[in-house]
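The values are calculated or read from the model by the stated rules, or taken from the named source; none is laboratory data. Everything quoted here is computed from the prediction, not taken from an experiment. Neighbour counts run over all protein chains shown; Cβ positions are idealised from the backbone, glycine included.
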């Protein structure tokens, strides 16, 4: 029976969602959390971040499955959308084939069903709230995730999050390495006739060479060249290829036959290997001369892409999102637009991308000499090179904590303590709130609060009485509701 069939006297999905959210927040805790509880944590975390104005722009891309993963990882934060999405996909792969993976499948079905029944996109705020009301009836709060499957533990040494280890043993070059590399360069100008990494890399390097890039001198050109020839779409700028290539290379399942090839390309620049030495190592990898698997040719390193992909695997033929309705044949299109938005957001934040101009800005201004033009073109070339050489920062340490003013620390015996921090802006505002509470206490009872008096008291009681847990839970729900209605979030987005 669908969860929507179980209604209260109001029959309102929003009311059902609010009630379920309250119960899930109360019955779950970090490291002792169910899939439904993780969704509740992620939902409230989104609302809190939006209310406080601390949410990064990519939070607006999150859908219900993203919120679920966000809740399992809480209180960890992610440095960027790519790190988040790659960690999410790695975690989902770990759950695949387990009873918890079946729970994720049920979660996806419930999310799409809620979207269809309400006639709203799956990532719409009302759908995301109503979904909480369906999860208990779906049985997704009955089983806790084991600690070993929580992201804080299971992703500690994950390639998708941290990249390949620099201690990874690279393949030994074959005896005919020099001849193979020589033939590789000799046929650079010929069009490739197969879909192997060798052929596609050769084509990408040819185009980079035509763009004036030092493809024979910098091994950091190899991975972006492979990505550019295999994955890049019209309008994707050359200077973005390095970061996009890094994200794509880490996103692949470690079981993919292409991973050994990509690991060589990822590690070579860090080890300051020469281009020919890197190519020699690649020829020692069997997959370098075998067809690229089709699963590797899909961009997944963005929020909002995992839920549709899993839905299609379950036989669901369409998923409506706030941006568009996605069908299986539009997954590649959705991935392309996701990384173009990623580029646009980065360009708005990183002024260095605009200096000294784009790679296409080579027009001659009036009175510019040949020498000045050569210098300007070289400056453009160096700007592109800087972007291609730049290795995106490694994922944040798994012990990183969000700079919340309040954090609950769980002990091995199941007890917990609450830690207050005044080292963050949120913490300072929290302390200001405590001062307000002290003033309210004095106003209400005519004296300063004592050591045994509650700081948060029942405003209707004649004597200092602790605020009930119901009051606290209502405050949490009110926080999520106010975040949904916050004027700082455009209503057209339909977010929390």
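Can you tell me how many residues in region 418-451 are at pLDDT 80 or above, touching a strand residue (DSSP E or B) at 6+ places or on another chain (Cβ under 9 Å) and not in a helix (DSSP H, G or I)?
So the answer is 1.
When you scan region 287-294, do you find a residue that is in the same structural domain as residue 168 (by TED's automatic domain parsing), free of Cβ contacts under 8 Å to residues at least 12 places away in the same chain, surrounded by 16 or more Cβ atoms within 10 Å (Cβ to Cβ) and out of contact with any helix residue (DSSP H, G or I) (no Cβ under 7 Å at 6 or more places or on another chain), even just one?
Looking for residues that are in the same structural domain as residue 168 (by TED's automatic domain parsing), free of Cβ contacts under 8 Å to residues at least 12 places away in the same chain, surrounded by 16 or more Cβ atoms within 10 Å (Cβ to Cβ) and out of contact with any helix residue (DSSP H, G or I) (no Cβ under 7 Å at 6 or more places or on another chain), one finds none in region 287-294, hence no.
In the set 161, 215, 153, which member is modelled with pLDDT of 90 or more and assigned to a loop (DSSP other than H, G, I, E, B)?
215
Which ones in region 218-240 are at pLDDT 90 or above and outside any loop (DSSP other than H, G, I, E, B)?
Matches in region 218-240: 219, 220, 221, 222, 223, 224, 225, 226, 227, 228, 229, 230.
Please find, among 135, 166, 131, the residue that is exposed (fewer than 13 other Cβ atoms within 10 Å of the Cβ), touching a helix residue (DSSP H, G or I) at 6+ places or on another chain (Cβ under 7 Å), more than 20 Å from residue 93 (Cβ to Cβ) and in contact (Cβ under 8 Å) with a residue 40 or more places away in the chain.
On inspection, the qualifying residue turns out to be 166.
Name every residue in region 237-257 that is within 12 Å of residue 227 (Cβ to Cβ) and more than 21 Å from the chain's Cα centre (by Cα), in order of residue number.
Hit for region 237-257 is 238, nothing else.
Is it the case that residue 267 is farther than 20 Å from residue 166 by Cα and crowded, with 17+ Cβ neighbours inside 10 Å? First the steps, then the outcome.
Numbers: farther than 20 Å from residue 166 by Cα: no; crowded, with 17+ Cβ neighbours inside 10 Å: yes.
Judged against the criteria, residue 267 is not a match.
Among the residues in region 132-139, are any within 24 Å of the chain's Cα centre (by Cα) and part of a helix (DSSP H, G or I)?
Yes.
So, residue 281, is that one buried (at least 18 other Cβ atoms within 10 Å of the Cβ) and within 19 Å of the chain's Cα centre (by Cα) or not?
Answer is no for this residue.
If I filter region 189-206 for residues that are assigned to a loop (DSSP other than H, G, I, E, B), closer than 17 Å to residue 278 by Cβ and without any contact (Cβ under 8 Å) to a residue 40 or more places away in the chain, do I get at least one hit?
no
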